[in-house]
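*Asks:* So that we are looking at the same thing, I have put the structure below in structure tokens.
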Ligand SMILES: C[S@@+](CC[C@H](N)C(=O)[O-])C[C@H]1O[C@@H](n2cnc3c(N)ncnc32)[C@H](O)[C@@H]1O
């Protein structure tokens, strides 16, 4: 670990302020200034900030920011109270090296880490992995072993599974996805995402990977079977290698190290090198090697980005010394072969309807009143769901519109309609439908889930959390195997995992 073992400094020198801060309760109706002090680190002096920063680096390897320090302080306060410990005793526990401390870091991680991710994030890189890196690895080993480290809710691991599946087939690939956040790992195992997660994926990426629902997309069982997920702290030297893992042909770790301190990044990358096969590959995000001097890695430069290869004898090949500072010519000297990867243009996942493809008008209530009934509504809903699964979104929307008109008191068709409006980016229309559904039934879980997604996609995080929390509340006490999202056959157990990940709540025991 980056920080040497030492006794916890604040408990000797200056514990009082830290103690005050941890005991502080959020105030009601706070002024903006007060918000800064109760939420953030404004009230901490430099010594307090240093203590918490060192703790954060020691536990998770993360560099601190006021937001992270505030989140850590809040978690310390909550955990100290629930363990019936004094704040100092809890800080001492976090600072220790034993298994209790490791378990505590994993427990509080969901409230501290940043988990933003989506499927096929960075299309050009995925094409490089599919067309060059995985076939190369497969040419020298019968089974390709891949690791997505810091995979959050699993989108990166499943993207890896999707490209590997296409590149070398199902039988020859095994993928490990790990993250320090156990709630994200629980959601990763479910493998169901809001359609917003598809924003990096093109139609061809979806083949074999995704099963469409009306409200969600679901990773196919075949692709899911390639991936195993584990909770794992990259900053914990005792957790290496991840349980049961063998040497890897390729490790991908993107948008993780950027949040880490230099010493943590150095340690983590050195352990990646150990975990790689001879000539195995390390794929990092932009700038994640910046300023580091790592031995036993050479650099290969492609249009889609830089890839690091483990080398057995550093003297024979140039090590990846401070990759960010290497000139292009220096990089080219050690590139065995330059592969041109055509950058795919990201067109987004929202299909724009062709001009003139207006939706069918609502049935005229007066003229067709005798036809309007819940039974007709159900028929239209079933037909809309079928069309949505087949990707026939305009037909689905026509049916959902007809269903909503057929039974004005049923919230279901409105949710369906909202989900379909969201696919084409009609946020206002979608929100109107969802408000209508929640007016009819304020606790309707599919409407709350969809509203949470709509608010996330339109940048309203707090409202999204409120909607997700209400959905979670609505599922309380319902058996895990009951259906929670009827259009997509998502069960209560599955949805609870997804909602907990959204809310960064501890997993169900
Ligand atoms: C921004 S997400 C990146 C997800 C994915 N790799 C991507 O690029 O889309 C960063 C992830 O790193 C994880 N993380 C942070 N510190 C970690 C640590 N010490 N060990 C393992 N994972 C960590 C977080 O939990 C989070 O899920």
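Computed from the coordinates by the stated procedures, all read-outs in this text should not be read as laboratory data. Just so we're clear, the structure is a prediction, and the values are computed from it rather than from any experiment. For neighbour counting, all protein chains shown are included, and Cβ atoms are generated from backbone atoms with ideal geometry for every residue, glycine included.
*Asks:* In nanometres, what is the gap between the two model label sites at residue 428 and residue 225, each 7 Å from Cα along Cα-to-Cβ?
*Replies:* 4.9
*Asks:* Under a point spin-label approximation (7 Å from Cα along Cα-to-Cβ), what is the residue 170-residue 116 distance to one decimal in nm?
*Replies:* 3.6
*Asks:* Need one word for segment 139-227: rounded, prolate or oblate. Basis is the Cα gyration tensor (sqrt eigenvalues a ≥ b ≥ c); a/c below 1.5 gives rounded, then a/b vs b/c decides.
*Replies:* Note, shape of segment 139-227 comes out oblate.
*Asks:* Of all beta bridges DSSP finds with both residues in segment 123-333, what is the antiparallel percent, to the nearest 5?
*Replies:* The antiparallel proportion sits near 45 percent.
*Asks:* Please compute the modelled spin-label separation between residue 461 and residue 82, points set 7 Å along Cα→Cβ, answer in nm with one decimal.
*Replies:* The answer from the label model is 2.1 nm.
*Asks:* How would you rank 191-198, 482-489, highest first, on the average number of other Cβ atoms within 10 Å across their residues?
*Replies:* Put in order of decreasing packing, that is 191-198, 482-489.
*Asks:* While we're on this one: Which peptide among 445-455, 100-110 comes first, and what is the full order, when sorted by highest mean count of other Cβ atoms within 10 Å?
*Replies:* 445-455, 100-110
*Asks:* Quickly rank 396-403, 408-415 as a protection proxy: mean count of other C-beta atoms within 10 Å, highest first.
*Replies:* Answer by packing, highest mean first, reads 396-403, 408-415.
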